[in-house]
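The values are calculated or read from the model by the stated rules, or taken from the named source; none is laboratory data. Just so it is clear, the model here is predicted, and its values are computed rather than measured. Cβ: placed from backbone, ideal geometry, glycine included. Neighbour counts: every protein chain shown. Just the protein is used for accessible areas: all its heavy atoms, side chains included, with ligands, DNA and RNA removed. Shrake-Rupley method; radii C 1.70, N 1.55, O 1.52, S 1.80 Å.
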Amino acid sequence: MLFGNKIVKIDVLAQDGSQVLSSERGFVFPNNIDSSDESILIIKGKGMPELDRGTRVTVITYLKAGERIKYAGDVVMSHNRQMNITLLKADQNGILEERRRYFKIKVELSGRALFVVRDEEAIRFEVPPEISIQDINVGGIFMKCDFGFAVDDCVCVEIELMDEYKLNTMARILRVQKNGDEVLGYGCAFENLTAAQEDAIGRYINQQQLLQRAKLNDDDEDEDI
């Protein structure tokens, strides 16, 4: 299994959207979710909530690469140390899985544009212009740059992703975002990422999500004081 496909967290929500439980360990996700066989999610822990058999819940899985997948499910067993949930298939009772591919996070990353390919010709810079990354996912980035890129340009970007790791890859300009004549930035899609590069982006996104959740928890505690 690639790093990006690994489930790192599971949330179980009630029908009103409130959180029933959240687990980052002690769960077994079914490997037959795409088959017609019954798929049972097993979550173990201590002091878990006890729900009635047949209670409809929503399960949200968080993957290393940042993707979140939502499933509907029914509780089949529940006590203070274990909960088993049957995950419904897409064609059951009109319940559909909601997949958010390429989950995006806001960031403040710096980097450089090393060269750009336009109309099959490479434009090389004597001094690579700086780029500012505003958001990132495993599919691409939104960046700002003083150089005037055009739609369908393919840019070689070098991004200071994590300590001692620079992401060096090609990114195609999909859109130029403007406010009147002012260019606000460029929406880009990564091209031909290696598995290692996808994993690195996934690790970074997961790290940032954990930091953001920790900050939100700290803010909530400060408000309670």
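Counting Lys and Arg as +1 and Asp and Glu as -1, each charge on the Cβ, what is the dipole of region 101-147 about the Cα centre in debye, to the nearest 20? Working shown, then result.
On the way: 7 positive and 8 negative charges, 66 e Å.
My answer is approximately 320 debye.
Classification of region 28-77 by its C-alpha gyration tensor yields an oblate form. The axis ratio a/c (a ≥ b ≥ c) is 1.5 or more, and b/c is at least a/b. Relative contact order, whole percent, for the chain stands at 15, derived from Cα pairs under 8 Å and 6 or more residues apart. A probe of 1.4 angstrom, applied to the heavy atoms of all protein chains, finds V127 with accessible area near 120 square angstrom. Round to the nearest 10 and give me the degree value, 0 to 90, for the angle of helix 195-224's Cα axis relative to the longest principal axis of the chain. Helix 195-224 and the main axis of the chain meet at about 60 degrees. Annotation: L13 carries an accessible surface of approximately 30 Å², with a 1.4 Å probe and no ligand, DNA or RNA atoms counted. With the whole protein complex present, K215 retains an accessible surface near 130 Å², based on a 1.4 Å probe. If R0 is 41 Å, the Cβ-Cβ spacing of I123 and A196 corresponds to a FRET efficiency of close to 0.90.
Cα-Cα over 32 Å: which of K6/K178; K9/K178; K70/K178; K166/K215?
On the way: K6/K178 37 Å; K9/K178 37 Å; K70/K178 34 Å; K166/K215 26 Å.
Flagged as over cut-off: K6/K178; K9/K178; K70/K178.
In terms of the mean number of neighbouring beta-carbon atoms within 10 Å, the peptides 36-44, 154-162 order highest first as 154-162, 36-44.
A crude spin-label estimate for the pair L184 and R53, with each label 7 Å from Cα along the Cβ direction, gives 5.5 nm. Between R213 and L13, the simple label model (points 7 Å from Cα in the Cβ direction) yields a spacing of 1.5 nm.
Taking each DSSP H run with n ≥ 4 as -39500 (n - 2.57) and averaging over every residue of the chain yields -5000 deg cm²/dmol at 222 nm. Anisotropy class assigned to the chain is prolate, per the alpha carbon gyration tensor with a/c at or over the 1.5 cut-off and a/b larger than b/c. For the chain, a crude dipole built from +1 on the beta carbon of Lys and Arg and -1 on the beta carbon of Asp and Glu, taken about the Cα centre, is about 740 debye to the nearest 20.
Think of the chain as having a plus end and a minus end, set by charges on the Cβ of Lys, Arg, Asp and Glu; of V183, Y62, G45, G45 sits farthest toward the positive end of this dipole.
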